[in-house]
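The structure under discussion appears below in the form of structure tokens.
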Amino acid sequence: MSANQWTITAARDALRKGEISAVDLTMSCLTAIDAGDGLNAFVHKTPELALEQARAADGRLKAGDAPAMCGIPLGIKDLFCTKGVPSQAASNILKGFRPEYESTVTSKLFGAGAVMLGKLNMDEFAMGSSNETSAYGNAVSPWRRRGSNVQLTPGGSSGGSASAVAADLCLAATGTDTGGSIRQPAAFTGIVGIKPTYGRVSRWGIVAFASSLDQAGPMTKSVRDAAIMLQAMAGHDPKDSTSADIPVPDFEAALTGDIRGKVIGIPKEYRMDGMPEEIEALWQQGIAMLKDAGAEVRDISLPHTKYALPAYYVIAPAEASSNLARYDGVRYGHRAKLAQGDGITEMYEKTRAEGFGAEVQRRVMVGTYVLSAGFYDAYYNRARKVRALIKRDFEAVFAEGVDAILTPATPSAAFGLGEMADADPVKMYLNDVFTVTVNLAGLPGISVPVGLDAQGLPLGLQLIGRPWEEGALLNYADVLESRAGFVAKAEKWW
Amino acid sequence: MAIDIDTARKVAKLARIRVEEADLPKLAGQLSGILGFMEELNEVDVTGVEPMTSVTPMRLKRRADVVTDGNIQAQVLKNAPDAREGFFAVPKVVE
């Protein structure tokens with residue numbers, strides 16, 4: 001096994017024992033990245049920076065000052081602002097933008113000694129579930145259906161992150177999740193992805209999509225890796241007023257493997273009409289695994305589940321239309337070429353028409369509409385009230401003693417790139433049906449690979465935890481992971 | 001509620017996104033579809049429910065009202081499409 005295929009856990013131990021240097025580990029990933037251009041996962045490569053950071057990490061390792069992430073090569077989603085390195089949220093409107101500052105998450109990771117290999121593909125402004133809205137073109141999944149060479153989506157919006165981790169181009173990657181953008185791509189590619197509790201990880205320096213829903217998290221090859229990397233990303237940040245000023249517990253220490261007596265809720269509303277039988281079977285397997293580990297499984301009801309998706313598709317575009325108002329061609333990014341006599345309004349309109357892709361334009365306009373005079377109450381306020389009810393559903397089951405909730409992560413396995421091209425936009429939105437409730441309620445959720453479908457594609461289950469209890473959630477996920485024993489890898493074609 | 005072409009034109013204008021006349025019917029159709037989907041929310045009884053404003057029940061932190069950075073004009077202007085004499089430059093705004 002070459003070093004780029006390692007987990008963070010294995011690499012950390014090998015680095016500390018001096019069995020490999022951070023430079024050699026980084027070189028191994030850089031080689032894999034150059035051989036992986038067919039996946040279109042890395043869209044800006046930063047090999048010089050990576051080697052410079054790796055040499056510094058080797059210095060720290062030698063001096064005995066080695067946090068867990070020291071020398072670990074990562075991919076960074078293009079949504080994170082990285083100083084001096086292109087950060088364009090996969091949008092043409094930010095083409096050429098090189099931030100003069102570093103996001104809090106990447107600063108913390110670099111402070112812990114992590115190495116950045118480059119920036120990763122994603123849906124434009126994180127709006128999408130298939131990585132097909134990217135200005136860089138589609139990211140491609142390393143997975144293929146058995147006996148087929150149809151290119152599949154790695155999911156979205158963190159599609160480049162999922163593809164890169166699943167194809168071993170890096171040890172792990174950062175992702176962000178507004179409605180499922182970490183958990184759905186993780187499920188599609190057979191990796192682990194956790195969206196922490198809202199406020200656990202600072203949003204400062206991450207290009208904003210929907211500020212009350214956005215949260216960054218790690219995408220990794222194992223649950224233990226997710227615990228280690230989340231540790232380095234989390235914590236209070238005075239620069240994000242919604243970042244929680246509470247201590248970050250030791251997540252890795254929470255992985256005791258003991259879940260005896262814990263109550264796992266199974267929400268009946270997640271049993272959707274027309275859900276493939278394979279998803280239902282996988283869910284039943286997951287239930288059996290947790291029972292076998294000593295958990296008590298209980299049927300629960302989250303009655304407003306059905307309304308989560310429409311509420312999300314009011315709230316997220318509303319916040320996006322406000323957040324994306326800043327892209328006006330004045331301070332950074334693209335500015336349209338103006339015709340004789342064009343004034344500032346034409347500059348705004350032409351710049352935004354040229355710079356934003358179709359899905360982003362659609363969402364900005366939906367958001368503009370639901371916030372406009374006369375419709376604010378009917379759409380936006382109603383959606384926020386329904387959101388309160390969705391949150392209340394979760395609070396009620398947690399108050400009744402439920403420790404975590406088990407659901408499918410996605411309603412299907414990965415689909416082919418282009419297969420949804422002619423579908424109604426709403427059909428694509430249905431991908432988020434199991435994940436979006438978690439963002440609306442601000443809860444932590446994790447996707448764990450559990451099995452393969454009949455065509456040989458990964459399927460994942462989602463565990464939803466109580467607020468601020470990522471440690472316990474990771475422990476349940478670790479138990480599920482070890483019982484499922486998912487070891488399948490995509491066969492290399494790229 | 002169905003969005004007609006005039007409403008689509010108005011929304012595009014409010015959003016400051018140029019949409020060609022020929023593209024308005026398709027846009028109106030897509031916006032209608034999305035808004036139709038949102039209308040499922042009308043089934044929910046929201047009587048007496050306050051709109052959710054804060055994701056986690058905590059008071060927003062305040063900080064001292066002091067300058068924490070500054071003197072970074074060059075950095076601020078670094079990514080500007082058009083900067084002149086220390087300012088962002090835009091087409092003439094007033095006659």
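All of the numbers you see were taken from the coordinates with simple rules; none came from a lab. As the structure is a prediction and not an experimental result, all values here were calculated from the model. Quick reminder, even Gly has a Cβ in these numbers, built from the backbone with ideal geometry, and neighbours come from all protein chains shown.
The Cα-based radius of gyration of region A:107-177, divided by its Kirkwood radius, gives an Rg/Rh of 1.03.
Using a/c under 1.5 as the rounded threshold, could you call region B:1-76 rounded, prolate or oblate? The axes a ≥ b ≥ c are square roots of the C-alpha gyration tensor eigenvalues, and prolate needs a/b larger than b/c, oblate otherwise. Oblate. In this structure, the pairs whose alpha-carbon distance is over 31 Å, taken from A:LYS337/A:LYS427; A:LYS221/B:LYS78; A:LYS77/A:LYS291; A:LYS195/B:LYS13; A:LYS337/B:LYS13; A:LYS119/A:LYS195, are A:LYS337/A:LYS427; A:LYS221/B:LYS78; A:LYS77/A:LYS291; A:LYS195/B:LYS13. Charges were assigned to the Cβ only: +1 to each Lys and Arg, -1 to each Asp and Glu. The resulting dipole of region A:166-227 about its Cα centre is roughly 140 debye.
In terms of the mean number of neighbouring beta-carbon atoms within 10 Å, the peptides A:243-253, A:108-118, A:138-148 order highest first as A:108-118, A:138-148, A:243-253. Residues whose amide H falls under 5 Å from that of A:LEU152, counting only those 5 or more places apart or on a different chain, are A:SER141, A:LEU417, with hydrogens built in the peptide plane. The listed peptides A:329-339, A:437-447, ordered by packing as a protection proxy, come out as A:437-447, A:329-339 (highest mean of other Cβ atoms within 10 Å first).
Rounded, prolate or oblate: which one fits region A:207-254, using the alpha carbon gyration tensor with axes a ≥ b ≥ c (rounded when a/c is under 1.5, else prolate when a/b beats b/c, else oblate)? Taking the square roots of the gyration eigenvalues as a ≥ b ≥ c, region A:207-254 is oblate. Between region A:313-386 and region A:79-147, what's the alpha-carbon centroid distance in Å? Using only Cα atoms to place each centre, the spacing works out to 22 Å. Comparing region A:136-256 with the 2.2 N^0.38 Å rule of thumb, its C-alpha radius of gyration ratio is 1.11 (two decimals). Over all directions, the projected convex hull of the C-alpha atoms in region A:373-452 averages 7.8 nm² in area.
Look at the stretch A:368-374: the mean tally of other chain Cβ atoms within 10 Å of its residues' Cβ atoms is 4. Among the residues of B:74-81, the average count of other protein chain beta-carbon atoms within 10 Å of the residue beta-carbon is 5. Taking the fewest neighbouring Cβ atoms within 10 Å as the starting point, the ordered list for B:THR53, A:THR345 is B:THR53, A:THR345. Each residue, A:ALA373 and B:LYS78, gets one label point 7 Å from its Cα in the Cβ direction; the gap between the two is 4.2 nm. Note: relative contact order over chain A, using C-alpha pairs below 8 Å and six or more positions apart, is 18 percent. Residue order for A:PHE42, B:PHE88, A:PHE188, fewest other beta carbons within 10 angstrom first, comes to B:PHE88, A:PHE42, A:PHE188. Residues within the reach of a label modelled at A:GLU395 (point 7 angstrom out along Cα to beta-carbon, backbone nitrogen below 13 Å), restricted to region A:443-480, are A:467. In chain B, Cα pairs under 8 Å separated by at least six residues give a relative contact order of 20 percent.
Contact order for region A:279-358, expressed relative to its length and based on alpha carbon pairs under 8 Å spaced 6+ residues apart, stands at 18 percent. Within the straight-line cut-off of under 18 Å between alpha carbons, the aspartates and glutamates reachable from A:LYS268 are A:GLU277, A:GLU278, A:GLU280, A:GLU296, A:ASP299, A:ASP393, A:GLU395, A:GLU400, A:ASP403, A:ASP432, sequence neighbours fewer than 8 places apart in one chain being disregarded.
Please work out the Cα center distance from region A:209-246 to region A:471-492, rounded to the nearest Å. If we compute the Cα centre of each part, the gap is 20 Å.
Taking the fewest neighbouring Cβ atoms within 10 Å as the starting point, the ordered list for A:SER212, A:SER301 is A:SER301, A:SER212. Would you mind checking region A:337-373 for residues with the amide N under 12 Å from a putative spin-label position 7 Å along Cα→C-beta of B:VAL93? Answer for this model: A:344-345. Judged by the mean number of other Cβ atoms found within 10 Å, the most tightly packed of the peptides A:458-468, A:119-129, A:95-105 leads the ranking A:119-129, A:458-468, A:95-105. Remark: mean inter-chain Cβ contacts per residue of A:187-199 equal 1, using a 10 Å Cβ-Cβ cutoff to other protein chain atoms. For a modelled paramagnetic label at A:ALA421, 7 Å from Cα along Cα-to-Cβ, the residues of region A:134-174 in reach, with backbone nitrogen under 15 Å, are A:134, A:137-139, A:150-153.
Only Cα sites of region A:259-307 enter the Debye sum here, all with the same form factor; the resulting log10 I(q)/I(0) across q = 0.27, 0.29 1/Å is -1.02, -1.07, listed in q order. Close amide-amide hydrogen proximity is noted between A:LEU443 and A:TYR198, each under 5 Å apart and 5 or more residues distant or on a separate chain (H modeled in the peptide plane; Pro and chain starts excluded). By the gyration tensor of its Cα atoms, with a ≥ b ≥ c the square roots of the eigenvalues, what is the shape of chain A: rounded for a/c under 1.5, prolate for a/b over b/c, or oblate? Verdict is rounded for chain A.
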